[in-house]
Amino acid sequence: MNSNFFFNGFFVTGTDTNIGKTIVSAVLVNKLNANYWKPIQCGKDEKKLTDSQKIKNLLNLESHKIYPETYVLNNPLSPNIAAKKENVNIDLEKLKKQKIEQNKFTIVEGAGGLLVPINEKYLMIDMIKYFKLPVILVAKTELGTINHTLLSLEVLANRSQQIKGIIFVGKNHQDTIQTIKYFSKEILSCEVKVLGVINLVNKINKNNIIEFGNLIKI
(Lines give C-alpha, C1' and ligand atoms only; values in the text may rest on other atoms or scores of the structure.)
Protein backbone atom coordinates (compact mmCIF):
# COMPACT_ATOMS: atom_id res chain seq x y z
CA MET A 1 0.00 0.00 0.00
CA ASN A 2 2.13 2.84 -1.32
CA SER A 3 0.81 6.37 -1.63
CA ASN A 4 1.87 8.87 -4.27
CA PHE A 5 -0.14 11.72 -2.75
CA PHE A 6 1.83 14.92 -2.36
CA PHE A 7 -0.39 17.69 -1.04
CA ASN A 8 -0.59 19.74 2.13
CA GLY A 9 -3.40 19.48 4.60
CA PHE A 10 -4.77 17.75 7.68
CA PHE A 11 -6.66 14.51 8.14
CA VAL A 12 -9.60 14.98 10.52
CA THR A 13 -10.58 11.89 12.48
CA GLY A 14 -12.50 11.32 15.69
CA THR A 15 -12.61 9.23 18.81
CA ASP A 16 -16.08 8.03 17.77
CA THR A 17 -18.78 8.52 15.17
CA ASN A 18 -21.02 11.62 15.35
CA ILE A 19 -18.33 13.34 17.38
CA GLY A 20 -18.31 16.60 15.40
CA LYS A 21 -15.75 15.85 12.68
CA THR A 22 -17.75 17.54 9.93
CA ILE A 23 -18.29 20.76 11.88
CA VAL A 24 -14.61 20.84 12.83
CA SER A 25 -13.72 20.20 9.18
CA ALA A 26 -15.94 23.13 8.17
CA VAL A 27 -14.22 25.34 10.73
CA LEU A 28 -10.79 24.37 9.40
CA VAL A 29 -11.82 24.81 5.75
CA ASN A 30 -13.07 28.31 6.53
CA LYS A 31 -10.19 29.30 8.81
CA LEU A 32 -7.45 28.03 6.50
CA ASN A 33 -9.20 28.85 3.21
CA ALA A 34 -8.77 25.18 2.39
CA ASN A 35 -10.43 22.69 0.08
CA TYR A 36 -12.41 19.74 1.46
CA TRP A 37 -12.52 16.04 0.65
CA LYS A 38 -14.48 13.20 2.23
CA PRO A 39 -13.20 10.09 0.40
CA ILE A 40 -15.76 7.70 1.92
CA GLN A 41 -19.31 8.79 2.74
CA CYS A 42 -21.63 6.37 4.55
CA GLY A 43 -25.24 7.48 4.72
CA LYS A 44 -26.76 10.97 4.69
CA ASP A 45 -28.31 13.24 7.29
CA GLU A 46 -32.01 13.80 7.95
CA LYS A 47 -32.12 16.24 5.02
CA LYS A 48 -30.54 13.64 2.70
CA LEU A 49 -27.28 15.61 2.53
CA THR A 50 -23.77 14.22 2.45
CA ASP A 51 -21.07 15.82 4.59
CA SER A 52 -19.64 17.46 1.47
CA GLN A 53 -23.01 19.02 0.68
CA LYS A 54 -23.44 20.21 4.26
CA ILE A 55 -20.06 21.94 4.25
CA LYS A 56 -20.66 23.45 0.82
CA ASN A 57 -24.03 24.86 1.94
CA LEU A 58 -22.83 25.97 5.36
CA LEU A 59 -19.87 27.90 4.01
CA ASN A 60 -21.45 28.87 0.68
CA LEU A 61 -18.43 27.40 -1.07
CA GLU A 62 -17.78 27.27 -4.79
CA SER A 63 -18.01 23.74 -6.16
CA HIS A 64 -14.33 23.51 -7.06
CA LYS A 65 -13.38 23.76 -3.37
CA ILE A 66 -15.18 20.48 -2.61
CA TYR A 67 -13.64 17.37 -4.12
CA PRO A 68 -16.15 14.64 -5.00
CA GLU A 69 -16.33 11.60 -2.75
CA THR A 70 -14.62 8.48 -4.08
CA TYR A 71 -17.28 6.30 -2.49
CA VAL A 72 -20.82 7.29 -1.52
CA LEU A 73 -22.64 4.51 0.30
CA ASN A 74 -26.31 4.61 1.25
CA ASN A 75 -26.22 3.07 4.72
CA PRO A 76 -24.89 4.92 7.82
CA LEU A 77 -22.75 1.95 8.80
CA SER A 78 -19.09 1.02 9.06
CA PRO A 79 -17.62 1.43 5.53
CA ASN A 80 -16.84 -2.29 5.16
CA ILE A 81 -20.43 -3.28 6.06
CA ALA A 82 -22.06 -0.49 4.04
CA ALA A 83 -19.94 -1.40 1.01
CA LYS A 84 -20.71 -5.10 1.30
CA LYS A 85 -24.46 -4.39 1.34
CA GLU A 86 -24.05 -2.60 -2.01
CA ASN A 87 -21.56 -5.06 -3.54
CA VAL A 88 -18.90 -2.35 -3.59
CA ASN A 89 -15.20 -2.97 -3.04
CA ILE A 90 -13.42 -0.06 -1.38
CA ASP A 91 -9.98 0.13 -2.97
CA LEU A 92 -7.44 2.58 -1.57
CA GLU A 93 -5.66 2.72 -4.92
CA LYS A 94 -8.78 4.29 -6.44
CA LEU A 95 -8.22 7.34 -4.21
CA LYS A 96 -5.23 8.25 -6.36
CA LYS A 97 -7.59 9.11 -9.22
CA GLN A 98 -8.74 12.22 -7.32
CA LYS A 99 -6.77 15.17 -8.64
CA ILE A 100 -5.73 17.38 -5.72
CA GLU A 101 -4.53 20.96 -6.17
CA GLN A 102 -0.91 20.75 -5.10
CA ASN A 103 -0.67 24.38 -3.98
CA LYS A 104 -3.96 24.36 -2.05
CA PHE A 105 -4.38 23.21 1.55
CA THR A 106 -6.90 20.35 1.84
CA ILE A 107 -8.91 19.08 4.78
CA VAL A 108 -9.56 15.35 4.45
CA GLU A 109 -12.30 13.94 6.68
CA GLY A 110 -12.47 10.30 7.69
CA ALA A 111 -15.50 8.13 8.42
CA GLY A 112 -15.96 6.94 11.99
CA GLY A 113 -13.02 6.29 14.30
CA LEU A 114 -9.49 5.04 13.77
CA LEU A 115 -10.16 1.30 13.92
CA VAL A 116 -13.28 1.28 11.77
CA PRO A 117 -12.73 -1.20 8.91
CA ILE A 118 -12.99 0.14 5.37
CA ASN A 119 -12.77 -3.29 3.73
CA GLU A 120 -11.68 -6.81 4.69
CA LYS A 121 -8.02 -5.81 4.80
CA TYR A 122 -7.66 -2.21 5.95
CA LEU A 123 -8.84 0.03 8.79
CA MET A 124 -9.37 3.80 8.78
CA ILE A 125 -5.91 4.25 10.35
CA ASP A 126 -4.45 2.57 7.25
CA MET A 127 -6.19 5.10 5.04
CA ILE A 128 -4.83 7.89 7.23
CA LYS A 129 -1.28 6.61 6.76
CA TYR A 130 -1.98 6.35 3.03
CA PHE A 131 -2.44 10.11 2.85
CA LYS A 132 0.66 10.89 4.96
CA LEU A 133 -1.04 13.94 6.47
CA PRO A 134 -0.85 15.17 10.09
CA VAL A 135 -3.91 14.15 12.07
CA ILE A 136 -6.31 16.39 13.94
CA LEU A 137 -8.21 14.28 16.45
CA VAL A 138 -11.73 15.41 17.35
CA ALA A 139 -12.81 14.39 20.86
CA LYS A 140 -15.72 15.23 23.10
CA THR A 141 -15.27 16.62 26.61
CA GLU A 142 -18.00 14.59 28.31
CA LEU A 143 -17.83 11.39 30.34
CA GLY A 144 -15.90 8.60 28.62
CA THR A 145 -13.65 10.86 26.59
CA ILE A 146 -10.49 10.22 28.63
CA ASN A 147 -10.54 6.53 27.77
CA HIS A 148 -11.55 7.03 24.12
CA THR A 149 -9.07 9.83 23.51
CA LEU A 150 -6.09 8.11 25.11
CA LEU A 151 -6.88 4.89 23.22
CA SER A 152 -7.00 6.87 19.96
CA LEU A 153 -3.69 8.57 20.74
CA GLU A 154 -2.13 5.20 21.48
CA VAL A 155 -3.31 3.81 18.13
CA LEU A 156 -1.84 6.82 16.32
CA ALA A 157 1.43 6.51 18.25
CA ASN A 158 1.71 2.78 17.56
CA ARG A 159 1.38 3.51 13.83
CA SER A 160 3.96 6.32 14.03
CA GLN A 161 1.36 8.77 12.77
CA GLN A 162 2.09 12.48 13.04
CA ILE A 163 -0.46 14.21 15.30
CA LYS A 164 -1.13 17.91 14.87
CA GLY A 165 -3.31 18.04 17.98
CA ILE A 166 -6.77 17.62 19.47
CA ILE A 167 -9.85 19.75 19.03
CA PHE A 168 -12.36 19.17 21.81
CA VAL A 169 -16.08 19.50 21.21
CA GLY A 170 -18.28 20.30 24.21
CA LYS A 171 -18.11 22.27 27.42
CA ASN A 172 -14.65 23.36 28.51
CA HIS A 173 -14.00 20.76 31.23
CA GLN A 174 -10.39 21.64 32.02
CA ASP A 175 -9.93 18.80 34.54
CA THR A 176 -10.73 16.31 31.78
CA ILE A 177 -8.59 18.07 29.18
CA GLN A 178 -5.61 18.40 31.53
CA THR A 179 -5.88 14.70 32.44
CA ILE A 180 -5.67 13.77 28.76
CA LYS A 181 -2.71 16.10 28.25
CA TYR A 182 -0.92 14.66 31.30
CA PHE A 183 -1.26 11.01 30.28
CA SER A 184 -0.57 11.74 26.63
CA LYS A 185 3.04 12.41 27.61
CA GLU A 186 3.55 8.74 28.42
CA ILE A 187 1.86 7.62 25.21
CA LEU A 188 3.46 10.10 22.80
CA SER A 189 6.65 10.94 24.74
CA CYS A 190 5.44 14.53 24.55
CA GLU A 191 2.35 16.46 25.56
CA VAL A 192 -0.35 16.48 22.91
CA LYS A 193 -1.33 19.92 21.68
CA VAL A 194 -4.86 21.09 22.41
CA LEU A 195 -5.77 23.19 19.38
CA GLY A 196 -9.03 24.45 20.81
CA VAL A 197 -12.34 23.75 22.54
CA ILE A 198 -15.63 24.51 20.82
CA ASN A 199 -19.07 24.10 22.35
CA LEU A 200 -21.53 23.32 19.55
CA VAL A 201 -24.86 25.12 19.36
CA ASN A 202 -28.18 23.64 18.24
CA LYS A 203 -28.23 25.37 14.86
CA ILE A 204 -24.90 25.94 13.16
CA ASN A 205 -24.44 28.81 10.73
CA LYS A 206 -21.45 30.49 9.12
CA ASN A 207 -21.18 33.06 11.93
CA ASN A 208 -20.79 30.18 14.40
CA ILE A 209 -18.14 28.65 12.16
CA ILE A 210 -16.17 31.91 12.16
CA GLU A 211 -16.48 32.18 15.96
CA PHE A 212 -15.32 28.59 16.41
CA GLY A 213 -12.36 29.31 14.12
CA ASN A 214 -11.26 32.11 16.44
CA LEU A 215 -11.08 29.56 19.28
CA ILE A 216 -8.75 27.24 17.36
CA LYS A 217 -5.01 27.80 17.15
CA ILE A 218 -3.29 25.92 14.34
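The values are calculated or read from the model by the stated rules, or taken from the named source; none is laboratory data. For clarity, every value in this text was computed on a predicted model and none was experimentally measured. FYI the Cβ positions are ideal-geometry reconstructions off the backbone, even for glycines, and counts take in every protein chain you see. Keep in mind that these areas ignore ligands, DNA and RNA; they rest on the heavy atoms of the full protein, side chains included. Shrake-Rupley method; radii C 1.70, N 1.55, O 1.52, S 1.80 Å.
Determine the share of the stretch 42-177's accessible area contributed by carbon and sulfur atoms, expressed in whole percent, with a 1.4 angstrom probe.
The C+S portion of the solvent-accessible surface of the stretch 42-177 is 48 percent.
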- If you build a Gaussian network model of the chain, linking Cα atoms that sit under 10 Å apart, which residue out of 137, 115, 156 swings the most? 115
- Where is the GNM fluctuation largest for the chain (alpha-carbon springs, 10 angstrom cutoff): 174, 98, 53? 174
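If you count only protein heavy atoms with a 1.4 Å probe, what accessible area per residue comes out for the stretch 1-74, rounded to a whole Å²? Don't jump to the answer; show the numbers that get you there.
Values: 3320 Å² over 74 residues.
With the other protein chains kept in place, the stretch 1-74 gives 45 Å² per residue.
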- Convert each backbone phi in the stretch 65-73 into a coupling constant with the Karplus relation 6.51 cos²θ - 1.76 cosθ + 1.60 (shift: θ = phi - 60°), then list the ³J(HN,Hα) values in order as whole Hz, x for Gly and Pro. 8, 10, 7, x, 5, 6, 10, 10, 10
- Note on the structure: Log entry: pair-distance distribution for the chain, C-alpha pairs binned every 5 Å from zero, whole % per bin is 1, 7, 16, 20, 21, 18, 11, 5, 1, 0
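Tally Lys and Arg at +1 and Asp and Glu at -1 over the other residues with C-beta under 15 Å from the C-beta of residue 38: what net charge comes out?
Working: positive: 21, 44, 54, 56, 65, 94; negative: 45, 51, 69, 109.
Cβ neighbours under 15 Å give a net charge of +2.
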- Rounded, prolate or oblate: pick one for the stretch 110-206, where a ≥ b ≥ c are the square roots of the eigenvalues of its C-alpha gyration tensor, a/c under 1.5 means rounded, and failing that, prolate if a/b is larger than b/c, else oblate. oblate
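In square angstrom, what is the accessible area per residue of the stretch 155-218 with a 1.4 angstrom probe?
Values: 3900 Å² over 64 residues.
Value for the stretch 155-218: 61 Å² per residue.
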- Message: Cut-off 10 angstrom, C-alpha nodes, Gaussian network model of the chain. Which of 71, 182, 36 fluctuates the most?
- Response: 182
